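Visitor: Sharing a structure here in C-alpha cells format.
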Amino acid sequence: MKNIKVRCPATVANLVCGFDILGMALNEPCDIMQLKLLSEPKVVIRNKDEFNLPTDPEKNVAGVVLLSIMEKMNNTIGFEVEIEKHIKPGSGIGSSAASAAGAAVAANYLLGNIFSSDEVVQFAMNGEKLASGVKHADNIAPCILGGVSLIRSIHPLDIIAIPSPDLYVTVVHPQIEVRTSDARQILRKQVLLKDAIRQWGNIAGLVTGFLKNDHSLIGRSLEDVIIEPVRSILIPGFNEIKTNCKEAGALGGGISGSGPSIFMLSSSEKAAKATEQVMKEVYDRTGIAYNTYVTTINKKGVEIVSDE
Ligand code: HSE
C-alpha cells in the first residue's frame, strides 16, 4: 500500500480587514502528515507530537475530514494517518486547517486525484467545523492552494487566488489560549454603515495592493475597524506591538486569524527581523512565554514530500 507524506503550511486568516474572506500561507511553521489507504472502512490516527490531540476520528480534525471522504467513497476504503504537528494548536496560525487540508489533499492524491480542488476544500472545511463550530475557508483555501486566497463566497464556493508579492512575514505567538469559538462569540452581530464603508475600502485597497505590488497601499489597507477593536482586548500588548512594529519598519499587520498570534508584513528581511525584535521586547516585558517566526509567503500550499 502506498504511503504518502505531505507538508502542510501554517496560514494567516483574515489579513486584518478581510474577516473570513482573506488568508495567506506561510513557509514556516508547517506540519508533516503521512497517509496510507486501508481496504477496511476505518480511520486510524497516530500522533507523533506532544500535543495529545484526540485519536478518536470523530473528535480529530483530520479524522472528520477522512471520515467524510470515506463516506463519499461509500465506505469502501479507510485511512491510516500519522500526524506530526509543528503548528501549535490554538496558535491562530491555522493549526486545525493544516491538519484538515493535509488530510484532504493527501487522501485525494491516494485516490488518484478524483476530487476537484473545490471538493477538496469542502472536505477540509469539515475539520474547521469541528474545530471552531463554523465552516470557514480563509485558512483552508490558502493552505491547500498556497499564496493569498480570496473566498468571495462559501455558498456556492468561489475561491480566487490573488498573486502575492514577495513580502516577509513576522509572527509572534504569545502562549495564551484564545479559542476561535470564543473569539467569534464576542463579536458584534451588526456593524455601522460608516464602519462597513471603511472596511470594504480597505479590503479593496489590500487586494489592489497585492495585484499591483504596491507595498504602501498594502500597509495603508491593513486596518480593521470592525473585528480588531473587539478581539484585541484578549491579546496583551497588542496595541504596543502594532505601533512599535510599524515604527520599526513593518508595513502593518494585526491579529492572525482569531489570535492570539499577531502578524506583520514587511518589504525586506531587515524590517521583518527588526519587527521580530520589537515583538520580543514587548513580550519579554509582559513575562508571557512566546514564539516568533520570520518567514515568507508560501506559494505552493500542501506539498507532497514523498510517495512510496
Ligand atoms: N476567520 C476566522 C476567524 C479564522 O477570524 O474567526 C479563524 O482562524
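The values are calculated or read from the model by the stated rules, or taken from the named source; none is laboratory data. Remember, predicted model here, so these are calculated numbers, not experimental data. Positions of Cβ are backbone-derived with ideal geometry, glycine not excepted, and every protein chain shown enters the neighbour counts. SASA here: full protein model, heavy atoms, side chains in, ligands and nucleic acids out. Shrake-Rupley method; radii C 1.70, N 1.55, O 1.52, S 1.80 Å.
Visitor: Assuming 0.36 nm per residue, please report the length gained on full extension of the stretch R46 to M73 beyond their Cα-Cα distance.
Guide: Using 0.36 nm per residue and subtracting the Cα-Cα distance, I get 7.5 nm.
Visitor: Express in % the proportion of alpha carbon pairs of the stretch 51-167 at distances exceeding 24 Å.
Guide: Percentage above 24 Å: 22.
Visitor: How high is the relative contact order of the stretch 168-296, in percent, with contacts defined as C-alpha pairs under 8 Å that are six or more residues apart?
Guide: 41 percent
Visitor: Follow-up question, since we're still on this one. Take every Cα pair under 8 Å in the chain that's 6+ residues apart, average their separations, divide by the length, and report that relative contact order as a whole percent.
Guide: 25 percent
Visitor: In addition: Roll a 1.4 angstrom probe over the protein heavy atoms and tell me the percent of accessible area of the stretch 168-296 that is carbon or sulfur.
Guide: Roughly 52 percent of what the probe reaches on the stretch 168-296 is carbon or sulfur.
Visitor: Then there is this: Return the calculated 222 nm mean residue ellipticity for the chain, to the nearest 500 deg cm²/dmol, obtained by summing -39500 (n - 2.57) across DSSP H runs with n ≥ 4 and dividing by the residue count.
Guide: When only DSSP H runs of four or more count, the value is -11500 deg cm²/dmol.
Visitor: Express as a percent, rounded to the nearest 5, the fraction of DSSP beta bridges in the chain (both residues included) that run antiparallel.
Guide: Expressed as a percentage, antiparallel bridges in the chain total about 90.
Visitor: When the chain is treated as a GNM, springs tying every alpha-carbon pair under 10 Å, which of A124, A196, A62 comes out with the largest mean-square fluctuation?
Guide: Highest fluctuation of the listed residues: A196.
Visitor: Treating only the Cα positions of the stretch 85-142 as identical point scatterers, give the base-10 log of I(q)/I(0) from the Debye formula at each q in 0.29 Å⁻¹.
Guide: -1.17
Visitor: Given the alpha-carbon gyration tensor of the stretch 195-308, what are the semi-axes of its equivalent ellipsoid in whole angstrom, ordered largest first, with each equal to the square root of 5 times an eigenvalue?
Guide: Here the semi-axes work out to 22, 22, 16 Å.
Visitor: Which of the GluC sites (Glu not before Pro) across the stretch 48-104 are loop residues per DSSP, with 10 or fewer other Cβ within 10 Å?
Guide: E50
Visitor: Share of antiparallel DSSP beta bridges in the stretch 1-88, in percent to the nearest 5?
Guide: Bridges in the stretch 1-88 are about 75 percent antiparallel.
Visitor: On to the next question. Stretch I160-T208 to full length: gain in nm at 0.36 nm per residue minus the Cα-Cα span?
Guide: Length gained, I160 through T208: 15.9 nm.
Visitor: Strictly over 24 Å apart at the Cα level, which of K129/K189; K48/K242; K189/K280; K2/K135 would you flag in this model?
Guide: Cα-Cα > 24 Å for K48/K242; K189/K280; K2/K135; rest within.
Visitor: Please compute the per residue accessible area over the chain with all protein chains in place, 1.4 Å probe, rounded to a whole number of Å².
Guide: In whole numbers, the chain has 43 Å² accessible per residue.
Visitor: Here is a further query. Tell me, what is the Rg over Rh of the chain, with Rh the Kirkwood radius over Cα pairs?
Guide: 0.97
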